[in-house]
Amino acid sequence: MTERRTIDLNADVGEGFGSWPMGHDEALLAVVTSVNVACGAHAGDPVVLQRTLDAAVRAGLAVGAHPGYPDLQGFGRRAMALSAEEIEATVLYQVATVDGVLRALGGSLRHVKAHGALYNQAATDPAIARPIAAAVRRISPRLILVGLPDSALLAAGREAGLPTAAEGFADRAYEPDGSLRSRRLPGALLTDPGAAAEQALRLAATGTVQTICVHSDTPEAPTIAAAVRTALEGAGYRLAPVDPVAPVASAGA
């Protein structure tokens, strides 16, 4: 009997700040298999971080750090002209913060996924991708670096000796070249649960991704995540976190 293929379902969470909540974290934690927790640079604060990590640990989820540009006002979705040293330092600072708080709560960090503009730029620019990978490697060579398939970020991760995982998005539109459609353009978000589930199935069927994301700030995110999970399990996929030990080659590797 052929073993069912495993795929991870992740969500970006912990992106509230002070009195301003963001997203649908509680509902998502009941559906996904891993989470990427904001580190306080693009979103989040110490209390939100601690509460989110504690909830993720209690839910038994795989936990990752979600570092971004230090840009609270722009939610990390605006590009910043940082040097390689600055990128490595801010990613190191952010990931180390999540790692430390998580350890204090009895958990352990499994992966790192950059956020927003930092993620998108690192997909195509090795000069941005390499300092991200270097910062992650300094925390632990066992951390999984998450990025788009065939991206400069995953290439930099492999060069740094990190395990990597290629990611697809259920709730984001793609351009013909495989890049994500800019959020400034119409149709950038898929808010229909059925359409998102269909896209997740297409992504999984390609065999090029190990994890699929639903953003917590997408309208109706919990409904979308539930539809995606139901569709994947109905198609015979086993939902589980990416293996934290064995190196995971990105598509094309």
Residue selected from region 75-92 under the condition over 17 Å from the mean Cα position of the chain (by Cα) and in a helix (DSSP H, G or I), by the criterion surrounded by the most Cβ atoms within 10 Å (Cβ to Cβ) = Ile87
key: Subset of region 101-130 that is small (Gly, Ala, Ser) and surrounded by 19 or more Cβ atoms within 10 Å (Cβ to Cβ) - its residue that is farthest from Leu148 (Cα to Cα)   = Gly107
ask   = Residues Val63, Val95, Val101: which one is at pLDDT 95 or above, under 24 Å from Pro222 (Cβ atoms) and not polar (S, T, N, Q)?
value = Val63
note = Per the filter on region 156-202, residues farther than 20 Å from Thr6 by Cα, under 18 Å from the mean Cα position of the chain (by Cα), of a type outside the set (A, V, I, L, M) and modelled with pLDDT of 95 or more are Gly157, Arg158
inquiry  = Looking for something surrounded by 17 or more Cβ atoms within 10 Å (Cβ to Cβ), free of Cβ contacts under 8 Å to residues at least 60 places away in the same chain and of a type in the set (Lys, Arg) - is there at least one such residue anywhere in region 211-229?
reply    = no
key: Subset of region 54-74 (residues that are surrounded by 24 or more Cβ atoms within 10 Å (Cβ to Cβ) and in a helix (DSSP H, G or I))   = Ala56
query = When only residues in region 8-48 that are assigned to a strand (DSSP E or B) and free of Cβ contacts under 8 Å to residues at least 40 places away in the same chain count, which is farthest from Pro67 (Cα to Cα)?
reply = Trp20
message = Taking the condition of being touching a helix residue (DSSP H, G or I) at 6+ places or on another chain (Cβ under 6 Å) and closer than 15 Å to Val98 by Cβ, how many residues in region 8-37 meet it?
response = 4
query = For Asp177, all conditions in the list (1) surrounded by 13 or more Cβ atoms within 10 Å (Cβ to Cβ); (2) without any contact (Cβ under 8 Å) to a residue 12 or more places away in the chain hold save one; what is the number of the exception?
reply = (1)
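The values are calculated or read from the model by the stated rules, or taken from the named source; none is laboratory data. These numbers come from a predicted model, not from an experiment. With ideal geometry, Cβ positions are generated from the backbone for all residues, glycine too; neighbour counts draw on all protein chains shown.
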